[in-house]
Amino acid sequence: MMLSPLGAMSSDLIVSMPRMSQLVGTQPLIAAGLPSRPSTGTELMANSIHSGPCELTLDNMTSRDVVINVRRTSNRKSIRLVYIRRGESYTLTSIPTGSYNVLLQQGEGWNPTTMSFTKNQSFAKYDAVTKFSVTYSPQTEPHLPANPLTYSIIQLTVVDVQNGKKGTLPTSKIDFYNGIRG
């Protein structure tokens, strides 16, 4: 599925369908003291939630850096806010099951004080809800908890293209940061 532009510099987002995989471990949490251009994978939000088995990979194949915001649809609270440099990929692990909106901020010249880009900044939100789920193995022993068998892995790719217009909606800086906790 192809998704729409992220502002002045037209971009499309290409989404691959979730695939199921075996349960794996978790990633580190928050990086202290943000440089002017954080490294790919830097968590930008205190109190990020790392309590589930699912994964979301973002491949940023554009000429601008991206900040991804993963926000629950039920209460509009963000669980992760992660920086991904242009031309790099990152996998967010330990995402809880549920339904989420995925929002992107794209730009150049990161300002850690305002938590936004200073040039070519744009905001977009996927128009489709992203759903993460887990399938459990059959319960053979009633006194033991069910074991996770498979979980969702979703991969998103952001690419620079001309005149792309499918799958995302422009959004505002206010909407992008709505739901982020300190």
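Could you give the length gained on full extension between THR135 and ASN120, defined as 0.36 nm per residue of separation minus the Cα-Cα distance, in nm?
Contour length minus Cα-Cα distance gives 1.2 nm.
Which net charge results when you count Lys and Arg as +1 and Asp and Glu as -1 among the other residues whose beta-carbon is under 13 Å from that of PHE117?
+4
Which length gain, in nm to one decimal place, applies between GLU88 and SER39 when the Cα-Cα distance is subtracted from 0.36 nm times their residue separation?
In short, 16.6 nm is gained.
Assuming a ≥ b ≥ c are the square roots of the Cα gyration tensor eigenvalues, decide whether region 34-95 counts as rounded (a/c under 1.5), prolate (otherwise, with a/b larger than b/c) or oblate.
prolate
Read-outs throughout are calculated quantities, based only on the coordinates presented, and are distinct from any laboratory measurement. Nothing here was measured: the structure is a model prediction, and the numbers come from that model. So basically every Cβ, Gly included, is an ideal-geometry build from the backbone, and we count neighbours across all protein chains shown.
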